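Notes follow once the structure below has been shown.
The values are calculated or read from the model by the stated rules, or taken from the named source; none is laboratory data. None of the values given here were measured: they were computed from a predicted structure. Using ideal geometry, Cβ is built from the backbone for each residue, glycine included, and neighbour counts are taken over all protein chains shown. Note: areas computed on protein heavy atoms with side chains; ligands, DNA, RNA excluded. Shrake-Rupley method; radii C 1.70, N 1.55, O 1.52, S 1.80 Å.
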Amino acid sequence: MGKITVETCEIEGLKVITPAVFGDSRGYFMETYHYEDYKAAGIDQVFVQDNQSSSVKGVLRGLHFQINYPQDKLVRVISGEVFDVAVDLRPGSATYGKWYGVTLSAENKKQFFIPKNFAHGFVVLSDFAEFAYKCTDFYHPNDEGGILWNDPEIGIDWPIPEGMELIMSDKDKNWEGLSKCKK
């Protein structure tokens, strides 16, 4: 136990986790998840589904949320680097509509815990990235919601280098802003 360090964020509930990495000349070993360590850090969820995606540089996925079946998520990057963002959509929250972002990479091995009722998205900063995440509810295809990635009401400061062409799904290009969000 005690193989992780946890940073709390200015938005209550969000947590950045850094695992202990044990390395030598052969490479490294780390636990990517240990229920007791996460429970001790206040993350006492039962994860029921693991997902993984791969994307090329400039892919922006999000901002997504689930309407009737919200999920807690524990996200990390297996290869490459992304800028990962969560937006608070919790009704009555003092930080409703506020965002927090963190760089996740294979190098820094950080994880990001995103509670239920947050929108989530990321942009790929490296040539290629593999993204993995655990969820506390199953995927329901008819339960997707979203917010426009560049909604000025939220004002996310995406670290998009000059000249980077963004690649998005048609759905992600056409979400509406926070004020019209169906959450």
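Below are the figures for this structure:
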item: Surface per residue (accessible, 1.4 Å probe) for the chain, Å²; result: 52 Å²
item: Structure-based [θ]222 nm, the chain - -39500 (n - 2.57) summed over DSSP H runs of at least 4, per residue, nearest 500; result: -1000 deg cm²/dmol
item: Potential extension, residue 10-residue 40 segment - 0.36 nm per residue separation minus Cα distance; result: 8.8 nm
item: Computed label-point distance, nm, for sites residue 50 and residue 166 using a 7 Å Cα→Cβ extension; result: 3.2 nm
item: Within region 77-101: backbone nitrogen closer than 17 Å to the residue 132 label point (7 Å, Cα to C-beta); result: 77-82
item: Sequence ranges 101-113, 126-138, ranked by mean other-Cβ count within 10 angstrom, highest first; result: 101-113, 126-138
item: Shape category assigned to region 1-81 from the gyration tensor of Cα positions, a/c cut at 1.5; result: oblate
item: Net +/- balance of residues flanking residue 136 in space, Cβ distance below 11 Å, scoring K and R +1, D and E -1; result: 0
item: Charge dipole of region 1-110 about the Cα centre (unit charges at C-beta), most positive-ward option of 102, 28, 83; result: 83
item: Gap separating the Cα centres of region 145-172 and region 43-103, nearest whole Å; result: 14 Å
item: Inter-probe distance in nm under a simple model that places probes 7 Å from Cα toward Cβ, at residue 95 and residue 107; result: 2.7 nm
item: Rounded, prolate or oblate (a/c below 1.5 giving rounded, otherwise prolate when a/b exceeds b/c) for the chain by Cα gyration tensor; result: oblate
item: Relative packing of 66-75, 86-95, 49-58, which averages over residues the other C-beta atoms within 10 Å, highest first; result: 66-75, 86-95, 49-58
item: Electrostatic dipole magnitude of region 63-170 [Cβ: Lys, Arg +1; Asp, Glu -1; Cα centre; debye, to 20]; result: 560 debye
item: Reachable lysines, given that their alpha-carbon falls under 26 Å from the alpha-carbon of residue 171 and they are not under 8 places away in the same chain; result: 57, 73, 98, 116, 134, 180, 182, 183
item: Cα-centre dipole for the chain with unit charges at Cβ (Lys and Arg positive, Asp and Glu negative), debye to 20; result: 280 debye
